[in-house]
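The block underneath contains the structure these notes are about, expressed in structure tokens.
What follows is calculated from the coordinates using simple rules that are stated; it is not laboratory data. What you are looking at is a predicted structure, and each value in this text was computed from that prediction instead of being measured. Cβ coordinates were reconstructed from backbone atoms using ideal geometry, including for glycine residues, and neighbour counts include every protein chain displayed.
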């Protein structure tokens, strides 16, 4: 776990990976330090028997976005909340996408994180009769199944599965 950021001369945006359930505390630290930052939050409703509780939770668990001035970069390591910070390479694209995320969060519409699957993305089946099986996404236009390789035959088996049962393999 690195305790220092790469060298940079102008304020740069970072994707800050926090300790579990530390997103709001880290965002509060950034606010106290006057860093430009964004923690996308969504409304969540839970029912406990006859009671209904409404609260906000991070859209991207474990992540806060922050613009860090180079002369103050050590300030983000206070309180031991940060696991690592990754510098954003294409800030123009990142800021456009962050604006889209802000718009979605402000709309009040239901939103959920969804993995981007492309042809060839290695995935693992989680749940069901094929639990643990690994394969590759078959079709980026409609990633509803995986191809399981049988290399010795130079063949693959296409298995149709619901997207919810797939997890991207590391």
Seminar exercise, completed: If 82, 117 are placed from fewest to most neighbouring beta carbons inside 10 Å, the sequence is 117, 82
Exercise. Using the alpha-carbon atoms, what tilt in degrees (0 to 90, nearest 10) does helix 23-32 show relative to the longest principal axis of the chain?
Worked result: 30
Problem set entry | Mean separation of Cα contacts under 8 Å, 6 or more apart, over the residue count of the chain: relative contact order % | 20
Exercise. Which percent of Cα-Cα pairs in region 1-65 sits in each 10 Å bin, short to long?
Worked result: 18, 41, 26, 10, 4, 1
Exercise. Could you work out the helix-only [θ] at 222 nm for the chain, with each DSSP H run of four or more residues adding -39,500 (n - 2.57) and the total divided by the number of residues, to the nearest 500 deg cm²/dmol?
Worked result: -5000 deg cm²/dmol
For this session: Please report the relative contact order for region 9-72, taking Cα pairs under 8 Å with a sequence separation of at least 6, and give it as a percent rounded to a whole number.
Result: 50
Exercise. Between residue 92 and residue 112, 0.36 nm times their residue separation minus their Cα-Cα distance comes to what?
Worked result: 4.8 nm
Seminar exercise, completed: Taking r as the C-beta separation of residue 25 and residue 165 and R0 as 22 Å, the FRET efficiency to the nearest 0.05 is 0.05
Exercise. How far, in degrees from 0 to 90, does helix 91-107 lean away from the longest principal axis of the Cα atoms of the chain, to the nearest 10?
Worked result: 90
For this session: May I ask you to derive the FRET efficiency for residue 122 and residue 154 from their Cβ-Cβ distance with R0 = 22 Å, giving the value to the nearest 0.05?
Result: 0.75
